Every structure is written in structure tokens, then in C-alpha cells.
1. Do we find that Glu286 is modelled with pLDDT under 95, surrounded by 17 or more Cβ atoms within 10 Å (Cβ to Cβ) and of a type outside the set (Gly, Ala, Ser) in this structure?
2. Using beta carbons and a limit of 8 Å, which pairs, at least six apart or on different chains, have the first residue in region 96-108 and surrounded by 10 or more Cβ atoms within 10 Å (Cβ to Cβ) and the second one of a type outside the set (A, V, I, L, M) and part of a loop (DSSP other than H, G, I, E, B)?
3. Name every residue in region 227-237 that is assigned to a loop (DSSP other than H, G, I, E, B) and of a type in the set (Val, Ile, Thr), in order of residue number.
4. Evaluate the following for Leu119: is it of a type outside the set (Lys, Arg) and in a helix (DSSP H, G or I)?
5. Within region 238-295, which helices (runs of 4 or more DSSP H) (wholly inside it) include 3 or more residues that are within 16 Å of His182 (Cβ to Cβ) and polar (S, T, N, Q)?
6. Give just the number: which of (1) within 30 Å of Pro201 (Cα to Cα); (2) at pLDDT below 95; (3) among the aliphatic types (A, V, I, L, M); (4) under 25 Å from the mean Cα position of the chain (by Cα) does Ala75 not satisfy?
7. Could you list, in sequence order, the residues of region 233-255 that are buried (at least 17 other Cβ atoms within 10 Å of the Cβ) and over 19 Å from Arg189 (Cα atoms)?
8. Filter region 132-189 for residues that are small (Gly, Ala, Ser) and buried (at least 22 other Cβ atoms within 10 Å of the Cβ) and give the result.
Amino acid sequence: MKSRSLAVAIGILAAFAVLAGWFYRYETKPESSPVSRGAHLATAAGCYACHGTSIDDPRANFRLRDSQWRGTGIAPIWEEEHSAKSIVTWVTHGVPESKRESHENLLMQMPAYGDDGHLTAAQIDDIAAWALAVGMKGFQGYDNLDEDMPELTPEEVADLDEGELVLLGDRLSRQVGCYQCHGELGQGRIDNLASFKGYIPGFQGADFLKLTDGGDPAEIRHWIEHGRGQAIESGVLGGMAKKYFDAQAIPMPGYAEVLSSAEIDLLVAYTLWLQEQGPLKAEAIESFAGIIDDNL
């Protein structure tokens, strides 16, 4: 009888261990977006090595002119406006056909990542999304960061149309550092040592919803004001969550004494708008940039 009871107990413990392992793997499953995947692929594919990190990070090359090699530079990705289609063409084929003859005079030539089989079409689309998102910092003419924020009341924030919300939400997010930690355009996956999933989540997807009690505006506001949520640290798993929040290398700052009530309202509305858009693909970022450009 005792041996039977012991066997039952062992079976229950084993089942519990399997269930706990499944639950942990489910909860820690990483989330990504085209922009965050593209950022990691850009590093892995060597994009920065040749194109630099910005227009202020020139990279040397040589061009054959009149039978002599002369010093020249490699164009940054963000030197001119690009569409999703043009970036995909460059990465896939190494150069558009219209520029191939001139390109062949360069000592270092762009690899054809798609034609050579180094990257899949989906991966190239992710790199295009990343390049367009980073380009919106100002490289491509969408200088939203440099414009002054208007003084708004909470009532005026509530009455903003979509274009105004995107323009001002993006501007304030850049000016107070939201994208620095939450990824370009809030698309997430910035590494964060000792955090629960190893990264800082973005403003889209399941991570955001779990941390904000399903996208509750009051909970998002609490995060912005105090740098941590109320709902995530309550309930059965609250102690575990608090442990990770206290241990993570990059904690979220509280903006209660930095931003006005209306500015916090604006960020709440803007992050919810980004959540509704979901992970932004390259074409969606083009549309996003168009909204910014049309409302500047």
C-alpha cells in the first residue's frame, strides 16, 4: 500500500515538473518584430562593417577611374531616401541592374545576399524594416526629433486625430528616450541582462499586453510614471516578477516628475496606437514615415 502511494506521489511530482517546465518555456519564449530581427541580422550580415552606423561614420573604398584606383567612400544606408522595395533590391542582388556597371568599378562591392543564398527573402524584408525604422531618426528627412513639443492640455491630447497623435507621439518618444530602450518605433528586443526574457519589450505584441494588464491605460500610465507596473507584481507570480525587475541591468525610469500629465496621456495613447498596429513590416514603416512627413 505504501509503495503504491509513493508511486502515485512520484507520478504527481513528475507531472507537476513537466507542467512547470512547459509553463516556464511558454512564459520565457522570446518575442520579436521585423525591426528587431532586422537589427540583429544587420550585425550578423556585416551591414555596419561597410556602411557604418550613421552618415557620420564614413567607410573607405576605392573606385577605378581612368585606369587608376582612387579613394572614395561607401555610401551609408541612410544617405538618401530609400523605399522598402529599393532596399530589398540592393540586399538581394547587391546592386540594381541600372547601377551595376558603375558598381563594378568599386574595389569592395555589395554582396548579393539573396542571390547568393546567404539570406532568405523574409530575412531581407526584416533588414529593410530595420533600415527604414532607423532612417526615420532623421537620416531620411523626417526630422521629427528636432521639432519643439507644443504645450498640450489633457483635453487637447484626447482630441488629437491619428496624424497628430502619430507625429507628436513619435516626437515625444524620441525626445524622452523611449525608443532608445524599447527599440526603434517601439519595436522592441533591446538586450537587457538579468531580465526575465533577456530583453526590453517593445510596444507591440504579447509582451506589452502581459506587462500592462491587457493594455490597460491606467497600468501603462503607472509604468510611465513609476517605471514599473502594479499588475505584474501582484498575484501568484508577483514575487517572481519583482525578483527579475529588481535584478535587471536596465530598469525603467519613472517620469512622474519629468513629464506633464498631458505628455503622459500622449505616450499612453501613442503606445496603444502602436500596439494596435502590431509588429511593423517595411511597407507599414513607409506609411508611418508618410504620416510623419505629411504632418510636420
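1. It is true that Glu286 is modelled with pLDDT under 95, surrounded by 17 or more Cβ atoms within 10 Å (Cβ to Cβ) and of a type outside the set (Gly, Ala, Ser).
2. His103/Gly94; His103/Gln109
3. In the first step, residues of region 227-237 are kept if they are assigned to a loop (DSSP other than H, G, I, E, B); the result is 227-230, 234-237.
Across region 227-237, the qualifying residue is only Val236.
4. Numbers: of a type outside the set (Lys, Arg): yes; in a helix (DSSP H, G or I): no.
It is false that Leu119 is of a type outside the set (Lys, Arg) and in a helix (DSSP H, G or I).
5. Working: elements: 238-247, 261-277, 282-295.
Output list reads 261-277.
6. Unmet condition: (1).
7. Across region 233-255, the qualifying residue is only Tyr255.
8. Going residue by residue through region 132-189, those that are small (Gly, Ala, Ser) are 133, 135, 138, 141, 158, 163, 169, 173, 177, 183, 186, 188.
Within region 132-189, Ala133, Gly135, Gly169, Ser173, Gly183, Gly186, Gly188 meet the criteria.
The values are calculated or read from the model by the stated rules, or taken from the named source; none is laboratory data. Worth saying up front: this structure is predicted, and the values here are computed from it rather than measured. Positions of Cβ are generated from backbone atoms using ideal geometry, with glycine treated the same way; all protein chains shown enter the neighbour counts.
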